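Readers should treat all values here as calculations from the given coordinates under stated rules, not as data from a laboratory. What you are looking at is a predicted structure, and each value in this text was computed from that prediction instead of being measured. When we count neighbours, we look across all protein chains shown, and the Cβ atoms used for this are built from the backbone with ideal geometry, even at glycine.
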Amino acid sequence: MSATDKAEKTAGDSPVLQVEGKLADNERLKEESNYLRGTITGDLQDTLSGGFRGDNFQLIRFHGMYAQDDRDIRPDLVARKLEPRKNVMLRCRLPGGIITPEQWLGIDQFATESTDYGSIRITNRQTFQFHGVLKENVKPMHQWLNKLGLDSLATAGDVNRNVLCTSNPVESQLQKEAYEWAKKLSEHLLPKTRAYAEIWLDKEKQFSTEDGVEDSEPILGKTYLPRKFKTTVIIPPHNDVDMHANDMNFVAIADESGKGLAGFNAVVGGGLSFTHGLKTTFPTTAHDLGYIPKENLLDCAEAIVSVQRDWGNRVDRTNAKTRYTIERVGLETFKAEVERRMDHKFEEIRPYELTERGDRIGWIQGEEGLHHLTLFIENGRLLGEKKEGVAEIARIHKGDFRLTANQNLIVAGVAVKEKSKIEAIAKKHGLMADTSQQRERAMACVSLPTCPLAMAEAERYLPTFIDEIEGMLKKHGMEDEYLITRIAGCPNGCGRAMLAELGLVGKAPGRYNMYLGGNRAGTRVPKQHLENATTEEILKETDGLIERWSKERNEDEEFGDFVIRAGVVKEVKHSATDWWD
Ligand code: SRM
Ligand code: SF4
């Protein structure tokens, strides 16, 4: 019996732990979409508007795109009674973030020739986004990606998103195995509908309700998941993927040789978003479920996804993610149901420790004698000189590139004789400029001008904010130290500020809530310290706290631990009960 049959069979026997009430409108939209087709094809012919209409506005997300417009120029266009400059943002699917130099050159060409901003934006989920693709370029874009061997399937919408994998090319055998599993997971959990191929790649129509033959979605179901779902494969102790932001994590456990892979700890139910003022929402770290041998990985993943599919809240989308399902039904009930569906009992969790998060910037040598160069890309934004530098490297590079979950880029697998050439290009294009640890470990989400949900600046404010913090660290004799600093333009939390030692979350233009007390390993959620503060207030407060940290810290005490010990904020132990207090 296949895992799929197993999941379907046992789902029938499961206790119904669904939330009762009127289903969210997104459920209707998915149900009526004919397996994600909607009327997207017709909409593409409509040249009167640069946007997508009705349900298609949301449905294109399942195809990896978001409808956006440039918010910097929106007021002026609207004042002149013109349509905002509507366009789409595309997010590629790139499990584990690995891409070849040829593919890179292809995406560089598309960004340069066919997008409004000309940039490639590396995201914190190991992929890239094109911003500013006009409607007439949308279908050619998908065909271009397809020619490059890439797609944007399921990088948005209520599905399992791009699967992350620790980008550590050094422990190469373990890394390779972990990466292979990340790819398998991504493929196994993809939607099976032919809609993407039909709409974008002109593949012959094979299944549709019109032919009387239905597509089928054996794992995700006809109405897909209740909400987005995020997965990682992580190699401890390095938590570069920030596993606590994810619904489902598989922590790689090495075999006795220490080099190969034995199996995985499954850790579920992390997530970082909340809604200002809505106390039923909260960010939280993920929970240990148990250990499984590697052969059981796909069954286990499928069982977890199917439990969330059946038990996740389809009435209230603010409470629909896996962490709320677990909070509602209890971890033990969730675990027992996963075991029943995968037909296997978890073993005791294997000991693992997470100790660090950032990328190791610069050169490092791997097990196989190859060299790997991690380039720090501030905010993941590649444009102009730096973008040209990466393209020049791609023209001579024989290994691959790895996009990291910290928005950086690794030039991986460089032979010793190629090192100096690559380094010379990187230096010429400003890709290896000196930076502080403070800057290298900071992160912001995209926010303005493209994100429709942004309440305050993030990517465009981060460099200035870090200049200020660097100045404060120097002033207080702490220039060799850093505090993990992150900004999100709204409480959706894309910049992962809810796993920062100091996090800012946008409230209104120029105003943020300030959160303190995460840790360097990324295993603790910070707590609100200031509400709706101006940047001046935040800077003053930060300066005072760094001064106290410099004078009162215990030896080697991290900033996040210090602010808790010093009583500046309370430690968040259980998010559902004490994050809002
Ligand atoms: Fe995100 C929505 C950008 C990682 C939680 N996110 C968005 C949208 C698409 C806005 C929208 O819905 O219209 C943003 C597009 C901005 C733009 O113009 O590009 C956006 N999210 C990003 C990226 C690009 C931030 C970045 O600077 O790297 C990241 C893309 C990752 C990827 O490649 O898939 C990104 N988003 C995250 C993360 C961090 C993570 O996954 O590690 C989170 C918090 C973790 C979590 O999910 O709990 C995150 N994004 C959200 C949410 C809140 C979801 C929720 O649980 O309520 C939204 C809004 C929503 O889904 O309704 C959102
Ligand atoms: Fe947009 Fe908010 Fe996500 Fe930032 S955190 S990218 S502002 S949705």
Of all GluC sites (Glu not before Pro) in segment 277-370, which ones are in loop regions per DSSP and have a Cβ with at most 16 other Cβ atoms within 10 Å?
-> 348, 353, 367, 368
Given a cut-off of 22 Å, name the pairs among 475/551; 184/387; 387/421; 135/387 whose C-alpha atoms lie farther apart than that in the structure shown.
-> 184/387; 135/387
Would you work out if segment 235-298 is rounded, prolate or oblate? Take a ≥ b ≥ c from the square roots of the eigenvalues of the alpha-carbon gyration tensor; rounded if a/c is under 1.5, else prolate when a/b is larger than b/c, oblate otherwise.
-> prolate
Is segment 33-147 rounded, prolate or oblate when judged by the Cα gyration tensor, a ≥ b ≥ c being the square roots of its eigenvalues, rounded requiring a/c under 1.5 and prolate requiring a/b larger than b/c?
-> oblate
Using only helices, what value at 222 nm comes out for the chain when you add -39,500 (n - 2.57) per DSSP H run of length 4 or more and divide by the total residues, to the nearest 500 deg cm²/dmol?
-> -9500 deg cm²/dmol
Taking square-rooted eigenvalues a ≥ b ≥ c of the alpha carbon gyration tensor, is segment 514-568 rounded, prolate or oblate, where a/c under 1.5 means rounded and, failing that, a/b exceeding b/c means prolate?
-> oblate
For segment 451-493, which trypsin sites (Lys or Arg not before Pro) are both in a DSSP coil and crowded by at most 15 other Cβ atoms within 10 Å?
-> none
Excluding residue 119 itself, what net charge comes from residues whose Cβ is under 15 Å from its Cβ, given Lys and Arg +1 and Asp and Glu -1?
-> -3
Unmatched cysteines, the chain - criterion: no other Cβ of a Cys under 4.7 angstrom | 92, 165, 300, 451, 490
Under a Cβ-Cβ cut-off of 13 Å, what is the net charge of the residues other than residue 531 that fall near it, where Lys and Arg count +1 and Asp and Glu count -1?
-> +1
Roughly speaking, what is the centre-to-centre gap between segment 417-442 and segment 460-532 when only Cα atoms are used, to the nearest Å?
-> 25 Å
Would you pull out the residues with amide H under 5 Å of residue 254's amide H, same chain only if 5 or more places away, H placed 1.01 Å from N?
-> 262
Counted charge near residue 436, where neighbours are those whose Cβ lies closer than 11 Å (Asp, Glu -1; Lys, Arg +1) = -4
Hydrodynamic radius of segment 108-233 per Kirkwood, over alpha carbon pairs, in Å = 16.6 Å
Sort the following peptides by mean Cβ neighbour count (other Cβ atoms within 10 Å, averaged over residues), highest first: 423-434, 398-409.
-> 398-409, 423-434
Among the listed pairs 345/527; 139/183; 203/228; 139/230; 22/81, give every one whose C-alpha distance is greater than 29 Å.
-> 345/527; 22/81
What is the spin-label model distance, in nm, from residue 183 to residue 353 if the labels are put 7 Å beyond Cα along the C-beta direction?
-> 3.3 nm
Length-normalised contact order of segment 51-142 in % [C-alpha pairs under 8 Å, at least 6 apart] | 26 percent
